[in-house]
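Enquirer: Can you read through this structure? Questions will come right after.
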Amino acid sequence: MKFWKQHLTSRLASYFLLLSLLTVSTISCVAYLQARQSLKESAFNQLSITATLKEGELARWFEDQQRDFLLTTHLPDVQTRLQILLETASTTPQHQQAKADLDAYLQRVIRLKPNLQEIYVLDGSSRVLLSSQPERERTYEIAANITFLEQVAIGADFAPIFYVSPRTRKPAITLATPIRNANGDRIGLLATQLDLERIDRIIREGNRLGKTGEAYLVGFMVTGNAFISGASPLPESPTESVTSFAIEQAMLGQNGSGLYLNYAGVPVIGVYRWLNNRDLALLVEMAQAEALAPARQLAVTIALIGAFSAIALSVGVYWLSRQITKPILAIAETSTQIAAGELDREAPILTEDEIGILAHNFNQMLRQLKLSRNQSQAYSESLEQKAHELEQTLRQLRRTQAQLIQTEKMSSLGQLVAGIAHEINNPINFIYGNVSHVSRYTEDLLHLLALYDRHYSHPLPEIEAEKDNIDLEFLVADLPKILESMQVGAERISQIVKALRSFSRLDQAQKKPVDIHEGIESTLAILQSRLREQKHRPAIQVIKDYGTLPQVECYAGQLNQVFMHILSNAIDTLDEKYHLAVAVPEPQIAIRTALLEDRVIEGIPKTIQIQISDNGVGMSPTVLAKIFDPFFTTKPVGSGTGLGLAICYSIIVEHHGGELHCHSTPGKGTEFSLQIPYR
């Protein structure tokens, strides 16, 4: 398809080929339709002639059988013997003689008239008294299967009754004429069963309708429409009902022709007639595939010849178009080379016609293009250099802006924290330093009171009243507890102040060896209020798995910022999971530290690893890819600036030469891995 779209000669040849094939197809279709119509008319004529001939032959055959049977049975001598046979007792000599004479006569007639398959005599109860087939004697015949010729003159039409012979299981016809006594009363019947093989030969033979042509008779039996003869092959049961459009129309007394499906479901062209005087349907048919085959062959022949001619002409058109487009292709090739950067090329001038003028003008345009290109290239290089510098400056500016904002914020916060810690530290040192003395003094006073009680057990009433008024017993028991609580509170405040001073690290602006675990603990101490149980969630369990780490030379204050950001985010994500009503049996933050043994310099591990993980909501891959970008945040407006993790990345990677990685699974949690080299 791409080649076809890019080549004019191919399109011209293809269009011409398509138009030629369309013309050939139209001619083939018209020729096919005309030939098909002619073949249909010819086939209908041939089938109609065949049907007329078959109808005439059937009429003559029925007339012959009627004549032979009636002439044979109406002889006076035969009638006399029949009367004796029916009116005398079977034991009388006259009866025996008449039976012997009739038997010999019937056998002779059967030999002379093979179409009369059997001749027999029936008494008044339809019992067979005498038959050309002796095994049939003393059997009974079904009266409904008999076609009576009593009032039918010789040569007159009659409608036979078809039935299935119980002996042969084939269609059969029985003709009968009455036997009368001297008074004219009917005393029996003389009947014959016709051999229908001759009908079958008449229908089958001499059709000249090709391989698929056939003629057949359909009659009505008790079970419905059934084949009488001619169908190929006959159904397994002659009583099996058959049907088709033509059969149904013919059995309704209609004559006609057309294209339809026959009894076997094969598309045929056929003629159907109703033989009213015989109560039979005569159908003559031929498969459409055979009857209309010459039309298809003609259409295929025309199509093949036309297609060959169209292809030959298309090849000629292609060659001619190649000669025309060759100079154009040369110009196109030159333009392709120029587009690839070969501006020294020029289009060849192969002709002096319009295409030659086009090539000349093209070369002039090319020279102007080279001049303009050199000028624009120099300008473009200058713009690209400035754009690159501007992009680098903008990127550095954004990073510097983020760092300045965070540094200023943390510096202010550090100064505030340091100031608060200093202001708190002086009075708390005073309280913490004097609590022990107050406790000792209190113990001495209480001991003195106990001595007074022991040696002066009966003090003045005024003293007893004051003791009861101040509840001295409760005061003695509760005062040591109050002093102990003050001791614990003072120690807690001292620890918090120490953690604040350790976190701010304003006195450590340069790299110094520090204890990483101390920085983590000071951060946890500051975040202790957020780790406790809240209204919407239980307390967060902090799991610590500290390895043995040496002191690391680093910017302690900056590392504490990293710990603060990561641990705060972990608490936020656990809060978010509970706000989303996602069940977390026990919210956890795990902190693990270790030496990386796979990074060894001169046999000594030189990198420590800090892993901080939570079982919160986690992050999607899209969010995970952007978490270290400045100003990127997933928190609501006013809840985050998007600078925290960007600053963390800068501190670990740029300031300490380490690595910061994040792994997260939605719904399961997030893990940050910090790797810091040390000396």
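Quick note: the coordinates plus some simple rules give every number you see, no bench work behind them. All values reported here derive from a predicted model rather than from experimental measurement. Cβ coordinates were reconstructed from backbone atoms using ideal geometry, including for glycine residues, and neighbour counts include every protein chain displayed.
Enquirer: Pairwise over distinct Cα atoms, reciprocal of the mean inverse distance: report the Kirkwood radius of the stretch 511-677 in Å, one decimal place.
Expert: 16.6 Å
Enquirer: When T192, T50 are ordered from fewest to most other Cβ atoms inside 10 Å of their Cβ, what list results?
Expert: Details: T192 27, T50 20.
The order, fewest Cβ neighbours first, is T50, T192.
Enquirer: Also, quick follow-up: Nearest 20 debye, what's the magnitude of the dipole of the stretch 204-291 about its Cα centre given +1 on Lys and Arg Cβ and -1 on Asp and Glu Cβ? Write out the running numbers ahead of the final one.
Expert: On the way: 5 positive and 8 negative charges, 47 e Å.
Using Cβ point charges on Lys, Arg, Asp and Glu, the stretch 204-291 gives about 220 debye.
Enquirer: Just to check I understand the Karplus step: with θ = phi - 60° and J = 6.51 cos²θ - 1.76 cosθ + 1.60, what whole-Hz values come out for the stretch 330-335, glycine and proline as x?
Expert: Per residue, the Karplus-derived 3J(HN,Hα) values read 5, 5, 4, 5, 4, 5 Hz.
Enquirer: Using θ = phi - 60° and the Karplus relation 6.51 cos²θ - 1.76 cosθ + 1.60, list the HN-Hα couplings for the stretch 370-382 in order, rounded to whole Hz, with x at every Gly or Pro.
Expert: Along the stretch 370-382, the couplings run 5, 5, 5, 5, 4, 5, 5, 5, 5, 5, 5, 5, 5 Hz.
Enquirer: So, one more: Which loop trypsin sites (Lys or Arg not before Pro) in the stretch 514-565, with loop taken from DSSP, have no more than 16 other Cβ atoms within 10 angstrom of their Cβ?
Expert: Details: sites: R530, R532, K535, K544; in loops: R532, K535.
Sites meeting the loop and neighbour criteria: R532, K535.
Enquirer: So which trypsin sites (Lys or Arg not before Pro) in the stretch 238-315 end up in coil per DSSP with only 13 or fewer other C-beta atoms within 10 Å?
Expert: Details: sites: R273, R278, R296; in loops: R278.
Listed in order of number, the matching sites amount to none.
Enquirer: Whose amide H sits under 5 Å from the amide H of Y163, counting only residues 5 or more places off or on another chain, with H placed in the peptide plane?
Expert: Amide H neighbours of Y163, under 5 Å, 5+ apart: A172.
Enquirer: Related question: For the stretch 204-291, treating each Cα as an identical point scatterer without solvent, what Debye log10 I(q)/I(0) comes out at q = 0.12, 0.25, 0.26 1/Å?
Expert: Taking Cα atoms of the stretch 204-291 as identical point scatterers yields -0.31, -1.38, -1.47.
Enquirer: Please list 3J(HN,Hα) in residue order for the stretch 538-554, calculated via the Karplus relation 6.51 cos²θ - 1.76 cosθ + 1.60 where θ = phi - 60°; whole Hz, with x for glycine and proline.
Expert: Ordered by residue, 3J(HN,Hα) equals x, 5, 7, 8, 9, 9, 10, 10, 8, x, 8, 10, x, 5, 10, 7, 7 Hz.
Enquirer: Once amide H atoms are placed 1.01 Å from N in the peptide plane, what residues at a sequence separation of 5 or more from E118, or on another chain, have their amide H within under 5 Å of its amide H?
Expert: Q193
Enquirer: Do any trypsin sites (Lys or Arg not before Pro) in the stretch 188-224 lie in a loop, going by DSSP, with at most 10 other beta-carbon atoms within 10 Å of their beta carbon, and if so which?
Expert: R208, K211
Enquirer: So which of K544/K635; K113/K170; K535/K626; K481/K535; K99/K170; K511/K606 end up more than 26 Å apart, counting from Cα to Cα?
Expert: From K544/K635; K113/K170; K535/K626; K481/K535; K99/K170; K511/K606, over 26 Å: K544/K635; K535/K626; K481/K535; K99/K170.
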